[in-house]
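The values are calculated or read from the model by the stated rules, or taken from the named source; none is laboratory data. Keep in mind that this is a model prediction, so the values were computed, not measured. Here Cβ is always computed from backbone atoms with ideal geometry, including for glycine, and neighbour counts include all displayed protein chains.
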Amino acid sequence: MTEPWPAPRARRPVDAVVTLPGSKSLTNRALVLAAIADGPSVVRRALRSRDSTLMATALTALGSHVDTSSEDWVVTPGAFDRDASIDCGLAGTVMRFVPPVAGLSSGAVSFDGDPHMRTRPIGEVLGALRALGVDVAGDALPFTVHGSGSVRGGTVVVDASASSQFVSALLLAGARYEQGVDVRHDGKPVPSLPHIDMTVAMLRQHGVEVDGSDADRWRVAPGPVRAVDHLIEPDLSNAAPFLALAAVSGGTVVVRDWPRETTQAGDALRDILTAMGCEVAFDREGLRVTGSGTLLGIDVDLHDVGELTPAIAALCALAEAPSHLRGVAHIRGHETDRLAALATELNGLGADVTEHDDGLSIRPAPLHGGVFHTYADHRMAHAGVIIGAAVEDVLVENVATTGKTFPDFAGFWSGLIAD
């Protein structure tokens with residue numbers, strides 16, 4: 001879509017049951033581990049989106065084979081014995097998770113991506129790979145990994161304060177290194193720690209020995225990565241706009257198959273929406289959220305769940321009391337500078353938002369229509385449609401960017417709010 005998309009207004013309480021696509025975070029980790037495993041495996045209910053397709057294409061280019069022809073993707077490991085070119089698009093997981101795997105190749109593997117991707121941080125991962133014995137040319141996109149067929153591994157120190165993916169990237173491939181890997185973080189607190197917990201849990205499912213008992217240190221023992229089939233959970237972060245729709249419309253939305261236990265950061269939505277005045281409970285279908293008709297302001301540290309900030313900020317802009325979102329300086333390095341983008345776009349629609357180094361202060365103000373720019377960022381598009389559900393004449397620029405994690409999001413969203 002090239003023209004700004006008219007976000008539909010929810011003129012009555014929405015009552016819907018939603019089945020979400022699979023988790024991008026789980027899908028891409030499962031694909032990486034399957035590609036370096038000791039036999040074929042299946043990733044069931046894999047997310048079919050731009051990010052996951054780019055990951056499947058990248059691993060196939062290295063020498064594994066990822067068959068994406070059905071709902072369940074079959075991954076067959078292969079010899080990493082060829083030169084390859086990897087398109088990262090706007091997928092941080094491809095840019096960060098694949099280079100440590102490419103170090104196991106005996107070819108030259110080049111990486112590039114969309115123009116904005118060249119501004120996203122990757123230097124810590126590339127520097128760590130050099131310290132572990134990998135020949136890397138370049139410090140940012142585009143760069144090239146010149147593999148020798150094996151990686152020495154060992155101890156490495158990184159500053160992962162910009163992204164937990166720096167740690168996960170090294171852990172995922174670490175068991176295939178001769179000495180394993182001992183990753184130590186030195187810097188400000190690591191953001192989004194639940195994502196590292198997710199990585200560790202999945203490694204252990206594959207029979208990999210991981211020691212995470214020390215703060216800011218993760219040790220992966222060398223050894224085989226056992227082939228394991230994965231059933232991918234719904235993407236709980238993608239649930240944010242749908243649950244927000246219940247909150248802003250005073251309706252009820254059920255997300256099917258919400259896991260009772262999970263490592264996904266999106267599970268924090270349960271507590272956040274409760275604090276904002278919603279009724280949140282599990283039922284036999286999944287997670288049920290009912291809006292009260294009134295949105296309460298919140299003061300919350302989102303450091304571990306920064307990806308939820310755009311949706312939560314949109315809700316706060318519609319709340320009846322001030323809100324303060326803290327601890328998310330790191331989301332300035334996501335698909336766009338999300339703090340600056342949120343302040344700009346919400347204020348452009350009449351909101352009263354102050355941008356801080358690590359968050360936003362949002363005070364009640366009457367909102368009006370206008371164009372909400374997305375900066376090619378799917379989470380910004382989520383914020384735009386949430387505002388549009390409550391405010392007349394909101395136009396979301398490039399809503400198609402939601403295809404990064406949810407194909408045909410716009411059509412699905414419109415169907416929920418149809419008059």
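Worth a mention:
- Filter pass, residue 203 being part of a helix (DSSP H, G or I) and not assigned by TED's automatic domain parsing to the domain that holds residue 307: yes
- Only one entry in 223, 251 is surrounded by fewer than 23 Cβ atoms within 10 Å (Cβ to Cβ), under 18 Å from residue 276 (Cα atoms) and not aliphatic (A, V, I, L, M), namely 251.
- Among the criteria (1) modelled with pLDDT of 95 or more; (2) of a type outside the set (Val, Ile, Thr); (3) crowded, with 22+ Cβ neighbours inside 10 Å; (4) within 22 Å of residue 231 (Cβ to Cβ), the one residue 20 does not fulfil is (1).
- Each residue in region 12-68 was checked for being among the polar types (S, T, N, Q) and over 15 Å from the mean Cα position of the chain (by Cα), and 6 pass.
- Odd one out for residue 350 among (1) within 19 Å of residue 237 (Cα to Cα); (2) assigned to a loop (DSSP other than H, G, I, E, B): (1)
- Tally of residues being over 23 Å from residue 82 (Cα atoms) and not in a strand (DSSP E or B) across region 129-170: 11
- When restricted to residues that are in a strand (DSSP E or B), among the hydrophobic types (A, V, I, L, M, F, W, C) and touching an Asp or Glu at 6+ places or on another chain (Cβ under 9 Å), region 206-230 contains 2.
- Within region 171-184, tally of residues that are surrounded by fewer than 17 Cβ atoms within 10 Å (Cβ to Cβ) and in a loop (DSSP other than H, G, I, E, B): 2
- Residues that are touching a Leu at 6+ places or on another chain (Cβ under 8 Å), among the polar types (S, T, N, Q) and crowded, with 21+ Cβ neighbours inside 10 Å within region 132-170 comprise just one, 164.
- Pairs, first assigned by TED's automatic domain parsing to the domain that holds residue 392 in region 344-363, second aromatic (Phe, Trp, Tyr), C-beta under 6 Å, six or more apart: 345/372
- Region 78-127, subset in a helix (DSSP H, G or I) and small (Gly, Ala, Ser), residue surrounded by the most Cβ atoms within 10 Å (Cβ to Cβ): 102
- For residue 311, the stated conditions do not hold, so it cannot be described as aliphatic (A, V, I, L, M), out of contact with any helix residue (DSSP H, G or I) (no Cβ under 7 Å at 6 or more places or on another chain) and either surrounded by 21 or more Cβ atoms within 10 Å (Cβ to Cβ) or not in a helix (DSSP H, G or I) (or both).
- Matching entry among 208, 200, 220 (being out of contact with any Lys or Arg (no Cβ under 7 Å at 6 or more places or on another chain), aliphatic (A, V, I, L, M) and closer than 19 Å to residue 130 by Cα): 220
- Taking region 146-169 as the range and being β-branched (Val, Ile, Thr) and either more than 20 Å from residue 92 (Cβ to Cβ) or assigned by TED's automatic domain parsing to the domain that holds residue 305 (or both) as the test, the residues that pass are 151, 155, 157.
- Residue match in region 208-223 (condition: of a type in the set (Val, Ile, Thr), out of contact with any Ser or Thr (no Cβ under 6 Å at 6 or more places or on another chain) and within 20 Å of residue 124 (Cα to Cα)): yes
- All positions within region 1-17 that are part of a strand (DSSP E or B) and surrounded by fewer than 18 Cβ atoms within 10 Å (Cβ to Cβ): 6, 15, 16, 17
- Screening residue 330 against (1) assigned to a loop (DSSP other than H, G, I, E, B); (2) at pLDDT below 95; (3) crowded, with 20+ Cβ neighbours inside 10 Å leaves a single unmet condition, (1).
- Close Cβ contacts (under 6 Å, 6 or more residues apart or on different chains) running from residues in region 391-405 that are part of a loop (DSSP other than H, G, I, E, B) to residues that are surrounded by 22 or more Cβ atoms within 10 Å (Cβ to Cβ) and not aliphatic (A, V, I, L, M) comprise 397/374; 398/374; 405/24; 405/49; 405/238; 405/378.
- Filtered residue count, region 282-299, keeping only those that are in contact with a strand residue (DSSP E or B) (Cβ under 6 Å, 6 or more places away or on another chain) and farther than 16 Å from residue 236 by Cβ: 4
- Of all the listed residues (370, 384), the sole one being small (Gly, Ala, Ser), within 27 Å of residue 303 (Cα to Cα) and in contact (Cβ under 8 Å) with a residue 24 or more places away in the chain is 384.
- The one condition in (1) closer than 30 Å to residue 406 by Cβ; (2) modelled with pLDDT of 95 or more that residue 70 fails to fulfil: (2)
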